[in-house]
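The values are calculated or read from the model by the stated rules, or taken from the named source; none is laboratory data. On a predicted model such as this, the values are computed, not experimentally measured, just so you know. Methodologically, a virtual Cβ is constructed for each residue, glycine included, from the backbone with ideal geometry; neighbour enumeration extends over all protein chains shown.
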Amino acid sequence: MLILGGTSEAAALDQHLAEQAPEIRAIISLAGHTVDPRPSNLPVRVGGFGGIEGLRQYLREEGVTAVVDATHPFAAIMPFNAEHACKAENVPLLAIRREPWQPQPGDRWEEVPDLEEAARALGPKPRHVFLTIGRLELPVFADAPHHHYLVRAIEPIGNRLPVPHVKVIQQRGPFHVDDEEALLRSEGIEVVVSKNSGGDGTAAKLVAARRLGLPVIMVERPPKPDVETVAHVDQVLPWLVAQGLFVTERGV
């Protein structure tokens with residue numbers, strides 16, 4: 001089984017297989033954006049496949065009989081490459097997709113279609129902005145250099161945000177609401193910018209913003225292919241059984 005990973009779901013599936021089905025031969029594929037990924041029980045490959053044709057070749061050469069797409073909700077290319085490659089090679093494909101966040105009473109969300117629109121939505125007046133979008137797409141906000149940015153990322157951002165006022169904190173979730181509220185207060189944050197990644201690991205910032213009455217510019221997810229989808233890792237083994245690719249000790 002090939003697991004397209006890089007998310008908490010992929011890490012949870014790694015642990016789930018180690019505990020429930022260690023006989024399954026699986027490998028996790030990472031894009032390589034993170035230098036220090038989470039530890040894994042399974043073998044890990046790092047780097048791209050070379051588009052659809054490269055992935056098709058990999059599926060054939062490695063004898064892959066099932067693919068689980070556990071990529072990030074904002075992965076825009078790999079889910080479609082996986083769909084096309086698996087369909088061409090007749091390999092079953094399952095996507096794990098966490099539910100997106102939904103605004104709650106008291107939230108002040110402005111939902112925008114992409115990060116470019118998020119940068120424009122900050123407006124012409126200088127503001128103290130909490131950017132929680134990862135490091136790869138920070139250059140978009142260089143077009144709005146008049147703001148003061150607090151950036152949270154897992155790894156150093158280098159020169160990805162060349163603006164006069166930027167502060168970086170390196171942290172990996174999960175985060176806690178009280179800590180997030182204290183951070184927003186201490187840094188004088190006036191607006192939060194977030195991707196709608198969903199999940200529990202980074203949701204605390206939204207609760208903290210709600211407590212403080214802060215606006216949140218929420219970036220909507222990119223489109224995904226129409227493939228078979230589950231929400232939780234414990235649904236993967238039943239799917240493998242249904243595909244005839246795995247038999248439990250009880251034969252079901």
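Tabulated data
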{"read-out": "Count - residues of region 131-154 that are closer than 30 Å to residue 69 by Cα and either part of a helix (DSSP H, G or I) or not aliphatic (A, V, I, L, M) (or both)", "value": "9"}
{"read-out": "Subset of region 194-252 [in contact with a Pro (Cβ under 9 Å, 6 or more places away or on another chain), modelled with pLDDT of 95 or more and of a type in the set (S, T, N, Q)]", "value": "196"}
{"read-out": "Residue check for residue 57: surrounded by fewer than 19 Cβ atoms within 10 Å (Cβ to Cβ), modelled with pLDDT of 95 or more and not β-branched (Val, Ile, Thr)", "value": "yes"}
{"read-out": "Conditions (1) over 28 Å from residue 100 (Cβ atoms); (2) touching a residue at least 40 places away in the same chain (Cβ under 8 Å); (3) small (Gly, Ala, Ser): number failed by residue 47", "value": "(2)"}
{"read-out": "Leading residue by the ranking (surrounded by the most Cβ atoms within 10 Å (Cβ to Cβ)) among those in region 203-226 that are in a loop (DSSP other than H, G, I, E, B) and in contact with a Lys or Arg (Cβ under 9 Å, 6 or more places away or on another chain)", "value": "214"}
{"read-out": "Residues that are assigned to a strand (DSSP E or B) and either touching a Ser or Thr at 6+ places or on another chain (Cβ under 9 Å) or more than 23 Å from residue 112 (Cα to Cα) (or both), drawn from region 167-195", "value": "167, 168, 169, 170, 192, 193, 194, 195"}
{"read-out": "Flag if residue 17 is at pLDDT below 95, assigned to a loop (DSSP other than H, G, I, E, B), in the same structural domain as residue 234 (by TED's automatic domain parsing) and among the hydrophobic types (A, V, I, L, M, F, W, C)", "value": "no"}
{"read-out": "Long-range neighbours under 9 Å by Cβ, at least six apart or interchain, first residue surrounded by fewer than 17 Cβ atoms within 10 Å (Cβ to Cβ) within region 113-129, second among the aromatic types (Phe, Trp, Tyr)", "value": "128/149"}
{"read-out": "Filtered residues of region 58-107 (kept if in contact (Cβ under 8 Å) with a residue 40 or more places away in the chain, closer than 22 Å to residue 244 by Cα and of a type in the set (D, E, K, R))", "value": "62, 69, 83"}
